[in-house]
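See structure below.
Laboratory data are not the source of any read-out in this text; all were calculated from the coordinates shown. Only a predicted model underlies this, so the values are computations on that prediction, with no experimental measurement involved. Positions of Cβ are generated from backbone atoms using ideal geometry, with glycine treated the same way; all protein chains shown enter the neighbour counts.
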Amino acid sequence: MLVDDLKEIAEKEKASHKAIRIHVCSSTGCISANSLPVRKALEAAVKATGLDHTVEVVGVGCMDFCGKGPIVQVVPEGTMYQQVNEENAPAIVAAIQAASNGTAAPADAQTPEQAPLDHPFFQKQLRIVRENCGKINPEKIEAYIAAGGYQALAKALLDMSPAEVVEEITQSGLRGRGGGGYPTGLKWATVAKQESDRKFVVCNADEGDPGAFMDRSLLEDDPHRILEGMAIAAYAVGASQGYVYVRAEYPLAIERLNKAIQQARRQGILGAQIFESKFDFRIDVRIGAGAFVCGEETALMNSIEGRRGVPRPRPPFPAQKGLWEQPTLLNNVETFATIAPIIKNGADWFAGIGTDKSKGTKIFALTGKIENTGLVEVPMGIKLREIVEEIGGGSPTGLPVKAVQTGGPAGGCIPASQFDTNVDYESLGKIGSIMGSGGMIVMDEDDNMVEVARFFMEFCMDESCGKCIPCRAGTVQIHRLLTKIRDGLATTDDLQTLEDLCDTVRNTSLCGLGQLAPNPVLSTLRYFRDEYTSRLRDTESDRSFGTVPVPGAMHTLSDLHSGPDGLPAESPL
Amino acid sequence: MAVATAGAKTPSPEGPAAGKHPSGDNRFKMLEATMKRHQYSPDALIEVLHRAQELFGYLEEDLLLYIAQKLKLPPSRVYGVATFYHFFSLKPQGKHTCVVCMGTACFVKGAAKIITAVEQLADVAMGATTEDGELSLMTARCIGACGIAPAVVYDGVVAGHQNAEVTIERVKGWLDDVSG
């Protein structure tokens, strides 16, 4: 494979495109809304009208508007239809036929509703990472190459030294998109300077945060972009083997990723002497097995090695001693997907987007009680209010939006009063939440914050790997206290114990899961404290008389071993 | 002994027993092929367990011992890994599976009500299988279909925008099939 071959493939692919293409979303969201039969029906309708020499039906990735699937778009003209069913197919094709004849589209009751493309949901987006999503067939390497794919890799390999690639990423100001926000260039530089003849590049695709599906979508819609990002990273740090660790819950993503790796290998884009350079790189897929803690980098490495996914103490950091004790570069899917555009367009271009300390764009999965559900890629620094009220279109339930939950079980609830906060790593941290991987769940006045905190604590309790005591036992006790508060059985002392315990678990746990597990409790306590205090058993007057009820204030042994309803609870240890 | 249905004997570095299980069960041969592809490397344990569960439906103790022996791992390590990950099941699953997503978006949109409804209808606890082995009710920690919340996976097929009534209808269909 040479650079000229890339051009040839791209031209051949473009030449094979028919004048009009009907894009049908073929990703998980729309498939479960029946998009595959819709695709078949459209193909049949095109054939029936004899338009098949100018019109083709193409399965593409997600077109962002997941809540209203299946989505169909006619290109290059641009009309996007939502909630399309099989019966709608002839009407869509008839409209295309009318347009190409220059006549008005026939009135047909079966014409599906058009998606509001002038809505802020589409207009306020800035698609850099997701530029190909919903535009190309993700199962075809030629389609990716025709969209300019693998040119960044060629540029890096042929025109730049590894140190220059690292420098470019450092200059761009890109920070880890998995949630932590660690400067990517710094991480790369650390791995690059390690002395070892065996290094690894690992893509963390164990998107475990409930309510987040940005990474699933990238893997399904544009898998080659991730492979390209990984290959550039491998060249920069001197690795020759890569792994993508994907969750087993994403079967379609695994399928497309495997297909993409196979195609890239066949084209000589992965393997030995890529682009006739001295650079060799191969990628293998490792499938997770349903453990949330494996999203934590050291646990993930244990899992790749075929062990229980428990975290390791740091230092040594993965950059020094990672997989099989070798230097390992670990980045999130979205981070790798951002690499190719940075190399292609330059660090300055990327650094020009976003805020002072948070550069570029971020993809959010906007879900929950919101009018427009789906994926949105927005520049960093946008106000939360713009995302929730303009892009999201507010709550559909008639009740006002109460809060937005970001960062999954490690994040926090942001109340509506803080919606003028900018979305960047620092600002979100200041108000007690985190950027997280990008899940944004909107809640309305109907949602009880104690219940929400309890939901997340139950999650962390179940997902705690059990290696360190603060997390293993602490999450169980926090969950018990939250249950007690919810059921109206708790006292002021319980609330104090809850806060103390949150502090202990946060400061003494081994890995991020435990350290961040108290966040949902602390953030709801900070902004919705009255929802906790109004449920306490002892009232203000009780306390003024010094008659705080004793039961529950102290944990006796029998208390530890029985649930609030008197039934034996699970042992915390 | 059961009649051997496995294919012709092939010489193997693993000894005469390789590729052929004494029971004659062909699935062992397929499992062996996966292990061979990974060069019987202990690192491939999770891949091998995935394949084993795919073939056998669940991971029986004997099966775990067999894998341990083949990969030259202590049984404790294999058992430890198999029980650590939620995805692996050491008990047989029901004929039909109903997995209710309990991700945040689904939770906010009422997934808990769906679970309660199915629990009552089929008299089965969450995470368990009905006595007749017809239905397993499970929850998932977010299947990434948040745009169409609440989502339920019926026998491996994701369905979006579900509610208690729709799910009950579907599960009833399965249960009625048996009694009818």
Pairwise FRET efficiency - A:Ala15 versus B:Gln69, Cβ, R0 = 45 Å, nearest 0.05: 0.20
Reference-scaled alpha-carbon Rg (2.2 N^0.38 Å with N residues) for segment B:66-168: 1.25
Cubic angstrom per residue, convex hull over Cα atoms of segment A:31-181: 166
Placed amide H near A:Val60: partners under 5 Å, 5+ positions off or other chain: A:Val24, A:Cys25, A:Ser26
Equivalent ellipsoid, segment B:109-152 (semi-axes from 5 times Cα gyration tensor eigenvalues, Å): 22, 11, 7
For segment A:310-380: Kirkwood Rh in Å [reciprocal of mean 1/r, alpha carbons]: 15.1
Extension gain from A:Ala107 to A:Trp349, taking 0.36 nm per residue of separation minus the Cα-Cα distance: 82.5 nm
Equivalent ellipsoid, the protein assembly as shown (semi-axes from 5 times Cα gyration tensor eigenvalues, Å): 39, 34, 30
Cysteines (scope chain A) whose Cβ has no counterpart Cys Cβ under 4.7 Å: A:Cys62, A:Cys66, A:Cys133, A:Cys203, A:Cys294, A:Cys413, A:Cys460, A:Cys465, A:Cys468, A:Cys471, A:Cys502, A:Cys511
Per-selection metrics, chain B (Cα): Rg and Dmax in Å: 19.7, 58
Distance from segment A:394-412 to segment A:275-313 (C-alpha centre basis), Å: 32
For segment A:190-202, Karplus couplings with θ = phi - 60° (6.51, -1.76, 1.60), whole Hz, Gly/Pro x: 4, 5, 4, 8, 5, 8, 6, 8, 10, 10, 10, 10, 10
Exposure proxy order (Cβ contacts within 10 Å, fewest to most) of B:Trp174, A:Trp324: A:Trp324, B:Trp174
Scattering curve values for segment A:203-324, log₁₀ I(q)/I(0), Debye with Cα scatterers, q = 0.13, 0.15, 0.16 Å⁻¹: -0.53, -0.71, -0.80
Segment A:1-27 versus segment B:94-116: alpha-carbon centroid distance in Å: 41
Two-decimal ratio, segment A:378-523, of alpha-carbon radius of gyration to 2.2 N^0.38 Å: 1.08
Stokes-Einstein D for segment A:1-65, Kirkwood Rh over Cα pairs, 4 °C, 1.567 mPa s (µm²/s): 96
Descending Cα extents along the principal axes, segment B:37-106, whole Å: 42, 25, 23
Burial ordering of A:Lys199, B:Lys95, fewest other beta-carbon atoms within 10 Å first: B:Lys95, A:Lys199
Descending principal axes extents, segment A:447-547, alpha-carbon based, whole Å: 44, 29, 20
Translational diffusion coefficient (Stokes-Einstein; Kirkwood radius from C-alpha pairs) of segment A:92-131 at 4 °C, 1.567 mPa s, in µm²/s: 103
Net charge contributed by nearby residues that have their C-beta within less than 13 Å of A:Lys7 (K/R +1, D/E -1): -4
Principal semi-axes in Å for segment A:220-272 [√(5λ), Cα gyration tensor, largest first]: 20, 13, 9
Part-to-part distance (alpha-carbon centres) for segment A:197-268 and segment B:120-179, which is given in Å: 31
Gain on full stretching of the segment that runs from A:Thr533 to A:Glu86 - 0.36 nm per residue minus C-alpha separation: 155.6 nm
Computed helical MRE - 222 nm, the protein assembly as shown, DSSP H runs ≥ 4 contributing -39500 (n - 2.57), nearest 500: -12000 deg cm²/dmol
Sorted by Cβ density within 10 Å, fewest first, the residues A:Cys511, B:Cys106: A:Cys511, B:Cys106
Debye equation applied to the C-alpha atoms of segment A:136-236, log10 I(q)/I(0) at 0.12, 0.13, 0.16 Å⁻¹: -0.46, -0.54, -0.82
Translational diffusion of segment A:273-333, µm² s⁻¹ [Kirkwood Rh, Cα pairs; Stokes-Einstein; 10 °C; 1.306 mPa s]: 124
Rough spin-label spacing in nm, given labels placed 7 Å along Cα→Cβ, for A:Asp197 and B:Leu121: 6.2
Set of segment A:392-423 residues, backbone N closer than 19 Å to the point 7 Å along the Cα-Cβ line of B:Val166: A:396-397
Ranked packing of A:479-488, A:314-323, most packed first, by mean Cβ within 10 Å: A:479-488, A:314-323
Overall Cα dimensions of segment A:322-421 - principal axes, largest extent first, Å: 53, 35, 22
Peptide A:263-274, shielding by other chains (average Cβ, 10 Å cutoff): 0
Residue mean of other protein chain beta carbons inside 10 Å, B:156-163: 3
Projected area, mean over directions - segment A:380-457, Cα convex hull, nm²: 4.8
Isotropic mean projected area of the C-alpha convex hull, segment A:244-392 (nm²): 12.2
Amide H contacts under 5 Å for A:Val202, placed H, 5+ residues apart: A:Tyr243, A:Leu329, A:Leu330, A:Asn331
Amide H within-cut-off set for A:Arg175, under 5 Å, with H built and near neighbours excluded: A:Thr184, A:Lys359
